[in-house]
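Report on the following structure.
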Amino acid sequence: MTNRFLPTIHGRLRELVRGTVLVIVAATVFAYGADIQLLNVSYDPTRELYVDFNKAFASYWKEKTGQNVTIEQSHGGAGKQARAVIDGLEADVVTLALAYDISAIAEKAKLLPEDWQSRLPHNSAPYTSTIVFLVRKGNPKGIRDWSDLVKPGIEVITPNPKTSGGARWNYLAAWAYVLEQELGDLEKLHDPQFSEDVKKAEAKARDFVAALLKNVPVLDSGARGSTTTFVQRGIGDVFLSWENEAFLAVNELGPDKFEIILPSLSILAEPPVTVVDRNAKKHGTLEVAQAYLEYLYSPEGQRLAAKHFYRPVNPESADPADLARFPEVELVTIDNVFGGWKNAQETHFNDGGVFDEIYAPAG
Amino acid sequence: MAGQITSSMGVAAPRIKAATSEPWWVRLALTGLAILFLASFLMVPLLAVFTEALRKGIQAYFESFREPAAFSAIKLTLLVAGISVPLNLIFGLAASWALAKFQFRGRSVLITLIDLPFAVSPVISGLVYVLLFGLQGWLGPWLSDRDIQIIFAVPGIVLATIFVTFPFVARELIPLMQEQGTEDEQAALTLGASGWQTFWRVTLPNVKWALLYGVILCNARAMGEFGAVSVVSGHIRGKTNTLPLHVEILYNEYNFVAAFAVASLLTLLALVTLVLKAIVEKRAHAASAA
């Protein structure tokens, strides 16, 4: 009885081990056999843009140098993605939602120089965007501006500012709106004569954003998660969204379901790009990584950005029909209102910052 | 006194009878409730997966698997399960053999440690490896200098999966081996068998059904694990996405047909697992009865 099992189990076990070893060897060989590979670690809403752009760049590079380049993509909340690169995700280039996340990579992991943002034109942002409101068709709750978001009974969807870049832009745009309302002119922020007024306005802004966050039923970790919460699961009355993400949702899921509302004031969001020097050097991809990012500024790159609802920094290369989709809106900059990303991050989003003080999860 | 006792006994007897045979409508209601519960919480979602997947026809369904990213997710999932299941089989056998057949110091600590992955949230299981092998972690700089990539690559995914599926085989084997005791092994040894022979010819055949059962469960979890793998994956499309991660990505890209098509693959895996599990249980039962 026992003897009957002996050869089969023994033999099978050996087969299994042998099979496993073979698979590992095959996987290793496969990984080293390919052409140039570039890893672009990006934030959530750029998925569609980079699918198109990577194809365009690959054929441009092939024509120019004869080399085959494949670009691999990783997407997620910008803060989370930056953390992954810091922890060793070997990105050759990062294309994230805001400058602070890239600065964090420079600071914490020393993978690129701290002055990275001056290496490419326009603060290293080849396209810009802004924050808009996405509401359900017909705007049943009558949401027109930031002040409508704190009304009782309005459910606001926004991701978590701790992990999502888009959410940080949302938060700061709301803050800037209150400052503008209270002060009448944001230039007063830089005039010591008005420091008392500024203090009062800051207190108002703090209360306003706290009230806004009270109306948020769920904080997803990334912009795309929030989009699906609002669009697919049907939760919430208004979704504070990247302009491109809002356009995409309307296009993909039906103009009969959603409407884009432009608030009276919003923020100029500059999602920057840069080469992660140490990784690219290690992979021997420095040259192609640089060319990849420069190609974003080329007429073709700019055209594709506009096609995917990003505002191109050189609009003359874009299709006028694409440009016509972007409405005029008063945009404030992070440098002007918050003294740059480093300041904004430290004051508002770091542990123990304003966000931690004013946000108490519903429950 | 005596009269009281008999009277209380006289009342108790019919009560016991009533407790075992409820009226027909109670039984019907209870059974109906259970079926309703099963239908709404298990069958409906199951059906939903397949209807969503087939929404745009059978051709769109199969197209979803021909996409290179989906194909590589399938390959990676098979590779990860192919490495972690055999390793956990060997570990599970060794651990349960040591724990059930021998008494030694620290034995109870080891039993507790085997259960650890069940008690720990999968996210923590993933983060452990980030802390160990991440660039800012203990071994990260050393590994990076030698160009060895553990997390955000296949080895990290394998490690996280092994950790999460650690207890499945051992947990199945330990109670059975303990119950079987050491008499068979002692008999074999007295008859002159070596330790190795005893293991192959006595211990292993005795537990083969439980072992298979553990392997099936281990495999199902290895292929389906999301949390721990998500933390260490890096989410590189076509490279470090397993099937469950690929489902999430497709869903987030508004590609619902493909998302549910890939999800249906995982669902099928679950169904196959259940069938295999049922067969193994039946065989094991027959074997123990014989």
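Past the 24 Å Cα-Cα mark, which pairs from A:K162/A:K214; A:K141/A:K257; A:K307/B:K75; A:K188/A:K342; A:K257/B:K56?
Numbers: A:K162/A:K214 16 Å; A:K141/A:K257 14 Å; A:K307/B:K75 34 Å; A:K188/A:K342 21 Å; A:K257/B:K56 21 Å.
Table pairs above 24 Å Cα-Cα are A:K307/B:K75.
Starting from the Cα gyration tensor of chain B, take the square roots of the eigenvalues, sort them a ≥ b ≥ c, and report rounded, prolate or oblate (rounded when a/c is under 1.5, otherwise prolate if a/b is larger than b/c, else oblate). It is oblate, given that a/c is not under 1.5 and a/b is not larger than b/c.
Once the C-beta distance of A:S147 and B:R283 is scaled by a Förster radius of 56 Å, the resulting FRET efficiency is 0.20 to the nearest 0.05. Structure remark: mean-square fluctuation, Gaussian network model of chain B, C-alpha springs under 10 Å; the largest value among B:W97, B:W138, B:W24 belongs to B:W24. Computing FRET efficiency as 1/(1 + (r/R0)^6) for B:I111 and A:D256, where r is the C-beta to C-beta distance and R0 is 56 Å, gives about 0.40.
Using a Förster distance of 22 angstrom, determine the FRET efficiency expected from the C-beta separation of B:A48 and B:N255, and round it to 0.05. Provide the component values of the computation, followed by the final result.
Numbers: r = 17 Å, r/R0 = 0.76.
Here the calculated transfer efficiency is 0.85.
Reducing the range B:117-175 and the range A:310-349 to their Cα centroids gives an inter-centroid distance of 41 Å. Any lysines with Cα under 16 Å of the A:K281 Cα? List them, leaving off those in the same chain fewer than 8 positions away. In chain and number order, the partners are A:K110.
Taking 14 Å as the straight-line reach from the Cα of B:K239, the aspartates and glutamates in range (excluding those fewer than 8 positions away in the same chain) are A:E72, A:E90, B:E67. Taking a ≥ b ≥ c as the square roots of the eigenvalues of the Cα gyration tensor of the range A:27-111, is the shape rounded (a/c under 1.5), prolate (a/b larger than b/c) or oblate? Because a/c hits 1.5 or more and a/b exceeds b/c, the range A:27-111 counts as prolate.
Is there a simple number for the mean count of other chain Cβ atoms within 10 Å of the Cβ of residues in B:231-241, and what is it? Let's see the in-between values first.
On the way: counts 2, 3, 3, 13, 9, 11, 8, 3, 7, 3, 1.
Across B:231-241, the average partner-chain Cβ count within 10 Å equals 6.
The alpha carbon gyration tensor of the protein assembly as shown gives principal lengths a ≥ b ≥ c with a/c of 1.5 or higher and a/b greater than b/c, which makes the shape prolate.
For the range B:105-122, backbone phi angles converted through the Karplus equation (6.51, -1.76, 1.60; θ = phi - 60°) give residue-by-residue couplings of 5, x, 4, 5, 4, 5, 4, 5, 4, 4, 7, 3, x, 5, 7, 8, 5, x Hz, Gly and Pro being listed as x.
Order of A:315-324, B:102-111, B:123-132 by packing, highest average Cβ count within 10 Å first?
On the way: A:315-324: 13.4, B:102-111: 9.8, B:123-132: 18.8.
Result, highest mean first: B:123-132, A:315-324, B:102-111.
Multiply the residue separation of A:D351 and A:K282 by 0.36 nm, subtract the distance between their alpha-carbon atoms, and state the gained length in nm to one decimal. Before the final figure, lay out the partial values.
On the way: separation 69, 0.36 × 69 = 24.84 nm, distance 3.32 nm.
Taking A:D351 through A:K282 to full extension adds about 21.5 nm, to one decimal.
Separation of the range A:214-273 and the range B:33-51 by C-alpha centroid, Å? Answer, in whole Å: 32.
Inside 10 Å of the C-beta atoms of B:248-257, what's the mean count of C-beta atoms belonging to other chains?
Mean partner-chain Cβ count within 10 Å for B:248-257: 4.
Averaging the Cα positions of each part gives two centres, and for the range A:37-89 and the range B:203-231 these lie 36 Å apart. Per residue of peptide A:223-232, the mean number of Cβ atoms on other chains within 10 Å of the residue Cβ is 2.
Peptides B:262-275, B:36-49, B:234-247 ranked from most to least packed give B:234-247, B:262-275, B:36-49, packing being the mean of other C-beta atoms within 10 angstrom over each peptide's residues. Per-residue packing, averaged as other Cβ atoms within 10 Å, sorts the ranges B:253-261, A:246-254, A:156-164, A:272-280 into the order A:156-164, A:272-280, B:253-261, A:246-254, beginning with the highest.
Summing Lys, Arg as +1 and Asp, Glu as -1, what charge do residues with Cβ under 13 Å from the Cβ of A:T285 carry, A:T285 excluded? Please report the intermediate quantities before stating the final value.
Numbers: positive: A:R278, A:K281, A:K282; negative: A:D35, A:E72, A:E90, A:D92, A:D277, A:E287.
Neighbour charge sum, excluding A:T285 itself: -3.
Averaging over all projection directions, the Cα-based convex hull of the range A:56-151 occupies 10.1 nm² in the image plane.
Restrict the search to the range A:80-151; then list the GluC sites (Glu not before Pro) that DSSP places in a loop and that have at most 16 other Cβ atoms within 10 Å of their Cβ. Before the final figure, lay out each step's value.
Details: sites: A:E90, A:E107, A:E114; in loops: A:E90, A:E114.
Here the sparse-neighbourhood loop sites are A:E114.
Bear in mind that the values in this text are calculations on the coordinates, not laboratory data. Remember, it's a predicted structure, so these values are computed and weren't measured experimentally. We place every Cβ from the backbone using ideal geometry, glycine too, and count neighbours over all the protein chains shown.
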